[in-house]
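Everything on this sheet refers to the single structure shown next.
Bear in mind these aren't lab numbers, they're just calculated from the coordinates by the rules spelled out. Bear in mind the structure is a predicted one, so any value in this text is a computation, not a measurement. A quick note on method: Cβ atoms are made from the backbone with ideal geometry, for glycine too, and the neighbour counts reach across all protein chains shown.
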Amino acid sequence: MVPSQYYLVLSAAVFCIGLFGILTRRNALVFLMSVELMLNAANINLVAFSVQNGNLTGQVFSLFTIATAAAEVAVGIGIILVLYRNFNDVDVTTATTMRW
Amino acid sequence: MTTRPRLKLGSHLLPGLAAVALFVVMAAAFLSAQFPAPQGFGSGSITASIGYAIFDLSGPITSEYFLVAFEIMGVLLVAALVGAVMLAREEGGLGPLSGSGSRDVRADGAIETETESDH
Amino acid sequence: MVGAFEFAPAIAALPFVSFLVALFVGRFMPKKGALAGITATGGSLLLSLWVYLAVLTSGDPHVEIVHTLIGVTDPFSLELGILIDQLSALMLLIVSLISFLVFVFSLGYMNDEGETGLPRYYAGLSLFSFSMLAFVMASNLFMAFMFFELVGLCSYLLIGFWFRADAPPSAAKKAFLVTRFGDYFFLIGVVGVLGTFGTAAFAGDGSFPVLAEQALAGEAAGINTFGFDPQTWFTILGLLVLGGVMGKSAQFPLHTWLPDAMEGPTPVSALIHAATMVAAGVYLVARMYGFYALSPTALAIIAFVGGFTALFAATMGVVKREIKQVLAYSTISQYGYMMLALGVGGYVAGVFHLTTHAMFKALLFLGAGAVIVAMHHNEDMWKMGGLKERLPVTYYTFLAGSLALAGIIPFAGFWSKDEVLFEALLRGMDNPIFLVAYAMGLIGVFFTGLYTFRMVFLTFHGEPRTTIAEDPHHFGWNMKFPMVVLGVLATVVGLINMTPVAELTGAHIEFLHIWFEHGGETLTVEHYGALLEQWAGYGAVDASTALVLGSGAVSLLLALAGAGAAHVLYNVPDPDEHTDKLGSIKTVLFNNYYQDEYQVWLAEGLTANVARGADTFDQGIIDGAVNGVSSVSLFLGDRARRLQTGVVTNYAALLTLGLVVLLVAVGILGGWFV
């Protein structure tokens with residue numbers, strides 16, 4: 001079997017790629033995609049430890065996470081729509097009117 | 001769109017260094033960690049067992065049961081869908097048929113029609 | 001006769017009910033609340049009489065805790081209670097009687113004169129009676145303080161009744177502030193007593209006078225005297241409480257409010273002077289006499305201040321033009337006599353004079369009120385004259401009151417004042433301070449006779465000096481009835497304690513002495529006598545019959561001399577203002593020895609500057625510090641908010657960096673990287 005460390009490093013890599021996207025891009029849709037990457041990094045971890053411990057719970061949990069991610073995307077798209085309507089742009093750096 | 005995608009380099013990539021740093025730290029931590037050999041699931045279909053676990057039935061691989069979580073997830077999805085519709089709708093408008101001419105509204109209407117068709 | 005005590009709270013509660021009635025529905029009632037007040041105080045009078053009889057038959061004091069305000073027993077609990085013993089039963093009777101008569105008199109003085117705002121007037125009067133009755137019944141010093149303050153508040157409301165004129169509101173403020181100045185010391189005294197003894201009860205085994213005595217005898221433990229010698233500390237406490245007494249009872253130097261208080265309606269003046277506010281101070285000293293008896297210093301101060309005030313106020317009364325001003329100064333003077341009596345150990349004499357004074361001073365004020373009504377609210381005695389034939393009822397009752405005030409045998413004032421002076425003389429034989437106080441009191445008797453009969457002669461004798469005096473306004477039974485009742489009482493009330501006669505005939509007719517010999521173990525006059533002898537060094541003095549009679553004769557002669565002087569100077573058809581012959585003394589007397597000016601100077605020159613300094617300190621340093629803290633916070637906050645750029649990427653970057661730092665730190669500490 002593959003040792004768990006490899007899964008963890010893979011997960012960390014996926015997570016950091018998602019994070020990199022969030023830190024360097026300004027398009028809200030790209031943001032949503034990056035967040036998906038980060039969520040899936042978490043799923044990898046869940047499944048990896050499920051195998052590690054011989055317990056099915058992690059697998060089921062990752063399913064639920066995927067479903068939650070779907071809900072998140074639905075709401076996220078709605079927010080992006082409102083963002084676009086209000087600022088005529090999907091650039092997240094333009095929406096700074098509510099800071100202080 | 002005749003231009004192909006280009007890699008855009010510049011100072012806006014600077015915050016990304018934080019993500020790289022995070023990866024380095026996590027990788028260092030994980031690689032130095034010691035795990036025992038994974039236990040695995042032995043024989044039996046994992047997928048079938050997941051199905052059984054979700055519906056509170058006992059399958060080939062024993063597991064906890066998740067029926068309540070499953071139902072709550074269903075509610076969550078419906079709520080998210082309704083929330084998305086609420087957000088996407090034009091404020092005070094009746095949807096795509098209200099037809100008050102601007103480009104934004106048409107774009108919204110298109111999305112909204114699509115969402116409603118998902119029902 | 002247990003029943004009477006169960007109704008005791010109602011004595012105070014009835015006027016309170018009438019206060020509410022007069023305040024809220026008084027304007028719809030036929031007499032604007034007067035009838036409610038008369039009913040309530042009449043009920044109080046009957047109940048007081050019943051309680052008095054109950055005390056007479058049972059002899060034991062009645063102590064009862066009605067309501068516990070703060071029920072913590074450690075360090076002390078605060079309670080509302082009732083203490084009915086010989087002293088408070090007598091005082092309840094006096095207060096409710098005077099209140100009742102004042103209410104009746106007000107029908108004539110206020111209603112018939114068509115005053116406005118009557119519900120407010122009757123509400124104030126009822127509240128006044130309620131406060132004083134509750135004060136008299138108070139079972140502990142704390143409760144006494146509460147109602148003492150309420151009495152002060154009511155006097156403020158009533159003195160300032162005609163608030164649209166200029167003088168009454170100012171007089172009301174002055175009365176409130178001056179008495180409040182004294183009450184401030186009283187408050188510290190109450191706190192001190194509670195802190196020292198853990199109780200403020202007047203009577204019972206655990207009461208503070210008893211504990212104080214035990215502490216002096218070295219028997220009581222747990223008495224915190226704050227590092228002082230017990231006797232010194234008890235003297236300090238006694239003097240602090242005395243501050244409140246001197247404010248309320250208008251003793252020098254806190255007497256200045258009382259003459260100004262004449263701006264209130266005359267029935268109110270009668271109530272204030274005879275039964276409620278001013279009497280409260282002296283009553284308080286009598287109430288905690290077991291405590292004062294332990295401190296010879298406090299007693300000496302009481303006696304000396306009393307004697308000085310008696311003379312001081314009497315001299316000012318001689319030159320006043322307004323009838324009520326003369327009475328005001330006579331009140332100050334008479335309360336000086338009571339303080340003198342209490343200071344020299346004459347507990348019974350002091351209370352006796354309080355009783356007789358309540359009768360004749362209420363009478364004199366009501367008589368003055370009647371004269372003022374008759375004169376269409378002109379108070380200047382030089383505008384009167386010759387009212388004797390035109391107002392016979394007023395004249396004869398007023399004369400009875402004047403004879404009592406001047407101390408002419410056999411009217412009430414003679415017996416009580418004689419006993420006061422006799423006690424002072426007895427004590428003065430040992431101690432020169434008391435001798436000086438006695439001498440001042442004795443000279444005061446002459447001036448009392450002088451100003452009293454100057455007032456009588458100017459008002460009622462001679463020829464009318466104005467057209468109003470020739471045809472005075474007439475008034476009804478409701479003003480004559482209280483005067484007649486009080487006139488009879490002022491004549492005969494002295495008979496309850498005829499010490500010289502008892503001395504001469506050997507008959508036991510000193511009823512007041514006998515009255516105070518009964519009652520609770522720690523509240524009797526014998527107990528006070530024993531305390532005085534043990535702690536204050538007031539040994540028993542053999543009073544020969546000759547001394548008793550001589551003392552009485554001297555004071556009588558002086559009073560007659562004063563009255564005679566007034567007769568010579570003013571009982572002529574057309575009297576002159578002899579005050580001009582006094583020269584510069586007259587100016588000093590007219591200006592009340594510049595006491596007001598001196599106190600105003602004290603307030604403006606000294607207190608205002610101190611207050612200004614405190615204000616500067618407050619504004620500059622305290623507020624400055626607070627404002628400084630807030631401006632620094634504002635400045636830092638303004639800088640710190642720049643962190644919130646509103647750009648999601650920045651937040652995410654900060655979060656990531658934070659997570660990296662955290663992971664590195666935890667990893668190094670946890671040894672992840674080995």
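Among the residues making up the stretch C:352-375, none is surrounded by fewer than 24 Cβ atoms within 10 Å (Cβ to Cβ) and of a type in the set (D, E, K, R). Of the candidates C:V485, C:V445, C:V493, C:V501, the single residue that is over 25 Å from the mean Cα position of the chain (by Cα) and of a type in the set (V, I, T) is C:V501. If you check A:L56, A:L46, A:L39, which single one turns out to be buried (at least 18 other Cβ atoms within 10 Å of the Cβ) and facing chain B (nearest Cβ under 10 Å)? From the options A:L56, A:L46, A:L39, the qualifying one is A:L56. Does at least one position in the stretch A:91-98 carry a residue that is away from chain C (no Cβ under 14 Å) and not aromatic (F, W, Y)? Checked the stretch A:91-98: no residue is away from chain C (no Cβ under 14 Å) and not aromatic (F, W, Y).
Every condition in (1) more than 8 Å from chain B (Cβ to nearest Cβ); (2) out of contact with any strand residue (DSSP E or B) (no Cβ under 9 Å at 6 or more places or on another chain); (3) surrounded by fewer than 18 Cβ atoms within 10 Å (Cβ to Cβ) is met by A:M1 except one, and the failing one is (1).
Against the list (1) under 14 Å from the mean Cα position of the chain (by Cα); (2) away from chain C (no Cβ under 14 Å); (3) in contact (Cβ under 8 Å) with a residue 40 or more places away in the chain, the condition A:G76 fails is (2).
Residues checked against (1) more than 13 Å from chain A (Cβ to nearest Cβ); (2) part of a helix (DSSP H, G or I); (3) surrounded by 11 or more Cβ atoms within 10 Å (Cβ to Cβ):
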residue	(1), (2), (3)
C:N627	yes, yes, yes
C:L634	yes, yes, no
C:A640	no, yes, no
C:G646	no, no, yes
C:T649	no, yes, yes
C:A652	no, yes, yes
C:L662	yes, yes, yes
C:A665	yes, yes, no
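Residues in the stretch A:13-36 that are among the aliphatic types (A, V, I, L, M) and away from every other protein chain (no Cβ under 11 Å): A:L29, A:V30, A:L32, A:M33.
Has the stretch C:494-512 got at least one residue that is of a type outside the set (S, T, Y), out of contact with any Cys (no Cβ under 6 Å at 6 or more places or on another chain) and closer than 27 Å to C:V318 by Cα?
Yes, some residue in the stretch C:494-512 is of a type outside the set (S, T, Y), out of contact with any Cys (no Cβ under 6 Å at 6 or more places or on another chain) and closer than 27 Å to C:V318 by Cα.
For the stretch B:27-41, filtered to residues that are surrounded by fewer than 14 Cβ atoms within 10 Å (Cβ to Cβ) and closer than 16 Å to A:G58 by Cα, the residue that is nearest to the other protein chains (Cβ to nearest Cβ) is B:Q39.
When you scan the stretch C:217-231, do you find a residue that is of a type in the set (D, E) and in a helix (DSSP H, G or I), even just one? For the stretch C:217-231, residues of a type in the set (D, E) and in a helix (DSSP H, G or I): absent.
Here is a yes/no grid of residues against (1) buried (at least 17 other Cβ atoms within 10 Å of the Cβ); (2) over 18 Å from B:M73 (Cβ atoms); (3) basic (K, R):
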| residue | (1), (2), (3) |
| --- | --- |
| A:V35 | yes, yes, no |
| A:I66 | no, no, no |
| A:A71 | yes, no, no |
| A:N86 | no, yes, no |
| A:D89 | no, yes, no |
| A:T94 | no, yes, no |
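Answer yes or no: is there a residue in the stretch C:108-125 that is in a loop (DSSP other than H, G, I, E, B), farther than 22 Å from C:F481 by Cβ and not hydrophobic (A, V, I, L, M, F, W, C). Yes, that holds for at least one residue. For the stretch A:51-65, the criterion of being assigned to a helix (DSSP H, G or I), among the small types (G, A, S) and touching a Phe, Trp or Tyr at 6+ places or on another chain (Cβ under 7 Å) is satisfied by at least one residue.
Inspection of the stretch C:25-41 identifies no residue that is part of a helix (DSSP H, G or I) and in contact with a strand residue (DSSP E or B) (Cβ under 7 Å, 6 or more places away or on another chain). The test for being in a loop (DSSP other than H, G, I, E, B), more than 9 Å from chain A (Cβ to nearest Cβ) and among the small types (G, A, S) does not hold for B:G59.
Within the stretch C:287-395, which helices (runs of 4 or more DSSP H) (wholly inside it) include 2 or more residues that are farther than 22 Å from C:E526 by Cα? If you could, list the steps in order and put the result at the bottom.
Details: elements: C:289-292, C:296-317, C:323-343, C:347-374, C:387-390.
Per the criteria, C:296-317, C:323-343, C:347-374, C:387-390.
Among the conditions (1) closer than 30 Å to A:R26 by Cα; (2) more than 7 Å from every other protein chain (Cβ to nearest Cβ), the only one that B:H12 does not satisfy is (2).
When C:F103 is tested against (1) out of contact with any helix residue (DSSP H, G or I) (no Cβ under 6 Å at 6 or more places or on another chain); (2) buried (at least 17 other Cβ atoms within 10 Å of the Cβ), exactly one condition is not met: (1). When restricted to residues that are among the charged types (D, E, K, R), in contact with a Leu (Cβ under 9 Å, 6 or more places away or on another chain) and under 22 Å from C:A358 (Cβ atoms), the stretch C:469-519 contains 0. Summed over the stretch C:211-239, the residues that are in contact (Cβ under 8 Å) with a residue 24 or more places away in the chain, surrounded by fewer than 22 Cβ atoms within 10 Å (Cβ to Cβ) and not hydroxyl-bearing (S, T, Y) give a count of 9. Residues considered: B:Y52, B:Y65. Of these, the only one that is of a type in the set (F, W, Y), more than 8 Å from every other protein chain (Cβ to nearest Cβ), surrounded by 11 or more Cβ atoms within 10 Å (Cβ to Cβ) and in a helix (DSSP H, G or I) is B:Y52.
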